[in-house]
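Note sheet for the following structure.
The values are calculated or read from the model by the stated rules, or taken from the named source; none is laboratory data. These figures come from a predicted structure and were not determined experimentally. Using ideal geometry, Cβ is built from the backbone for each residue, glycine included, and neighbour counts are taken over all protein chains shown.
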Amino acid sequence: MKILFIVPYPELRETVERVVATTELPSYISLVADVHAVENIEQLNPAGYDAIIARGYTSKYIRRTHPGLINIDLDITSYDIIRSFQKIASVYKPHKVAYCGGYKYMEACLPFSDWLGCPLGVYYAADSADIKKTVLKAVSDGCDLILGGFSAANYAREAGVTYVVIETGEESVREAVASAVQSVEIKRNEQVKAEMYRMITKNSTEGIFFVNTEKFIGVDNRTAHVMSGSPVALCGKRFDAVFPELAPVLDEVFNTRHQKTVDVVKLSSGISVTVTVTPVIGRGELFGAVVNMVNITYIQALEGSIRKKLSDKGLVARYHFEDIKYRSAIMSSVTEEAKRFACTEANIMIVGETGTGKELFAQSIHNESRRKSGPFVAVNCAALPENLLESELFGYEEGAFTGSKKGGKPGLVEQAHGGTLFLDEIAEIPINLQSKLLRVIQEREVRRIGSDKVINVDIRIIAATNRNLSEEVSSGRFRQDLLYRLDVLRLFLPPLGMRREDIVLLFEYMTGKFSKAAPGIYKLDANAERLLTTYDFKGNVRELRNIAERLCALCGPGIIDESEMKKVLYPSDVELMGNRESDASGTAAENIISAPPGSLSTAKESAEYDRIIAARDACMGNRGKMAELLKIDRSTLWRKMKHYGIS
């Protein structure tokens with residue numbers, strides 16, 4: 001914000017600069033002082049300034065030619081006039097003094113003529129063009145000293161007459177600067193407020209109109225224009241012509257002077273909106289109404305966005321079908337079937353043994369479906385006790401039970417809105433919660449614990465189990481109607497024993513992930529591969545993953561032979577009781593590494609010795625890493641190494 005201080009003579013500029021230097025101006029205000037005589041004031045271009053400080057005829061000219069600018073008068077005070085009279089009385093001995101200028105109140109100073117010791121005449125000039133005439137008239141009337149502004153002094157000098165300029169004192173300058181700063185601050189605040197209202201109106205996601213009492217639109221915004229479907233501007237048009245379906249609502253508000261809200265209105269443009277009409281009343285007079293329209297489709301999208309943000313950031317599916325590694329024909333068939341399932345909206349039941357990758361397929365199906373941008377909420381029904389499972393699934397209101405969170409909590413079903421709800425180990429869900437889950441599936445709505453309101457949800461359910469649900473139904477532990485709702489599409493995941501051609505591929509992929517070296521650096525020789533592919537993976541892919549991680553921890557990179565594979569497949573820390581028969585994978589006795597003579601007395605100690613030796617080799621003798629790998633304290637490790645004579 002810029003202020004221009006117009007001074008008529010150079011000495012006044014020094015006074016202004018001195019005042020500004022001792023005044024603390026706001027950081028956003030700059031003040032410039034410039035000398036301009038009234039004779040050439042028409043050449044001044046005040047554009048770019050927010051306020052002008054000037055005196056006399058200059059101030060009048062600025063006010064007349066630039067009415068939009070803040071114009072502050074630099075007044076001549078009684079102190080300024082008294083100082084001028086004092087100067088005349090003490091320095092000059094005139095016969096007759098003439099005041100020439102535009103200050104009408106100089107008439108009130110006529111009684112001071114006795115103080116001057118000579119007559120005082122007032123020659124009033126209506127504008128700057130009359131100043132020269134008044135000076136010459138005063139001179140012709142016998143006045144030998146001219147009192148006035150800088151212009152009057154110049155004309156007196158030309159006429160060869162003594163003159164005294166009425167100088168503006170520092171008090172007047174300080175008061176003018178303070179007044180200008182205050183006016184500029186008020187203007188700035190009004191500009192900020194006006195811009196704020198303009199931006200709110202312009203960028204609002206609601207359609208906003210102001211309609212006057214004649215029903216003409218005075219203000220609208222971009223959203224309102226879109227809602228109308230009109231290709232031309234709406235301002236100046238009749239509101240009831242653009243929105244005839246809202247004419248009765250506007251009439252009611254004008255008649256009652258009360259706000260009116262209509263939940264759903266379908267506009268002629270085809271858009272369904274909620275409408276609020278608010279009367280604008282000032283001092284008892286009705287000026288019009290503000291009409292707010294909200295697109296219902298936008299509300300629904302916003303609701304989904306809010307629900308998604310309320311959920312934890314972890315409720316996302318990380319895996320895709322590309323993450324499923326296989327070369328077997330059976331897995332190729334299963335994956336293609338899962339991709340076809342992903343294109344539908346039907347509920348899916350994934351069945352398979354523990355560790356076959358049920359959640360991996362569930363996440364991949366979600367990421368392949370139209371719900372991929374929505375949340376993926378996974379619930380392990382066996383991991384939560386019955387009372388906690390209900391509140392986690394369906395949520396609760398504040399005060400629903402002792403210890404409930406302030407403000408309540410949305411349930412996982414509610415958080416899955418617009419996405420997928422994955423119910424792992426569905427057979428473990430308590431029978432009394434199954435009926436509540438059935439209602440969610442049937443009605444697509446959920447009711448929080450302690451609430452009497454229902455919340456609509458749009459979810460797809462993928463359930464998984466490693467149990468025979470038909471048998472669970474026969475035994476009364478699972479509802480048959482719930483099974484029908486969940487088991488619309490069934491996906492069977494084969495155990496690892498049915499896809500042995502995938503074992504080596506998966507093993508090399510996993511060791512590549514777990515090793516710090518480059519992927520593929522662990523290779524199996526023929527015997528090691530035979531041991532691995534004939535191993536009975538009761539834990540399926542999950543067990544294979546553990547074996548791969550164990551190998552990376554215990555064995556160095558390179559070619560893995562039969563003995564190293566035996567260590568990994570049959571870890572020697574397993575409690576062995578007596579001799580056991582050999583199986584296809586080797587004998588148990590082969591898994592025990594003999595200890596130094598006389599240092600080990602039992603199979604358990606032999607296993608412990610073996611583990612420490614393996615950890616030492618893997619960690620290159622670093623005892624801190626050895627203790628971390630073995631999950632024991634360093635002091636315990638030191639004591640055991642001393643006991644077994646390991647260095």
All positions within segment 471-505 that are β-branched (Val, Ile, Thr) and in contact with an Asp or Glu (Cβ under 8 Å, 6 or more places away or on another chain): 504
Selected residue (criterion: modelled with the lowest pLDDT) from residues of segment 104-135 that are assigned to a loop (DSSP other than H, G, I, E, B) and not charged (D, E, K, R): 126
Test: residue 33 is crowded, with 17+ Cβ neighbours inside 10 Å and under 15 Å from residue 174 (Cβ atoms): yes
Segment 1-38: number of residues that are touching a strand residue (DSSP E or B) at 6+ places or on another chain (Cβ under 8 Å) and under 19 Å from residue 49 (Cα atoms): 21
Residue match in segment 295-304 (condition: in a strand (DSSP E or B), surrounded by 11 or more Cβ atoms within 10 Å (Cβ to Cβ), modelled with pLDDT of 70 or more and under 24 Å from the mean Cα position of the chain (by Cα)): yes
Selection status of residue 156, at pLDDT 85 or above, crowded, with 22+ Cβ neighbours inside 10 Å, closer than 30 Å to residue 28 by Cβ and out of contact with any Cys (no Cβ under 6 Å at 6 or more places or on another chain): no
Search result, residues across segment 471-484 that are closer than 13 Å to residue 442 by Cβ, surrounded by fewer than 17 Cβ atoms within 10 Å (Cβ to Cβ) and of a type outside the set (Ser, Thr, Tyr): 481
Residue list for segment 523-568, filter: under 19 Å from residue 495 (Cα atoms), touching a Phe, Trp or Tyr at 6+ places or on another chain (Cβ under 8 Å) and buried (at least 19 other Cβ atoms within 10 Å of the Cβ): 532, 544, 547, 548
Some residue of segment 136-149 being of a type in the set (Gly, Ala, Ser) and either at pLDDT below 80 or under 21 Å from residue 54 (Cβ atoms) (or both): yes
Pick from segment 362-387, criterion small (Gly, Ala, Ser), touching a Ser or Thr at 6+ places or on another chain (Cβ under 8 Å) and assigned to a loop (DSSP other than H, G, I, E, B), ranking: surrounded by the most Cβ atoms within 10 Å (Cβ to Cβ): 374
Segment 144-199, residues that are of a type in the set (Gly, Ala, Ser), touching a helix residue (DSSP H, G or I) at 6+ places or on another chain (Cβ under 7 Å) and free of Cβ contacts under 8 Å to residues at least 60 places away in the same chain: 152, 156, 159
All positions within segment 491-507 that are surrounded by 14 or more Cβ atoms within 10 Å (Cβ to Cβ) and either in contact with a Gly (Cβ under 6 Å, 6 or more places away or on another chain) or in a strand (DSSP E or B) (or both): 491, 493
Residue 359 being surrounded by fewer than 20 Cβ atoms within 10 Å (Cβ to Cβ), farther than 29 Å from residue 538 by Cα and in the same structural domain as residue 462 (by TED's automatic domain parsing): no
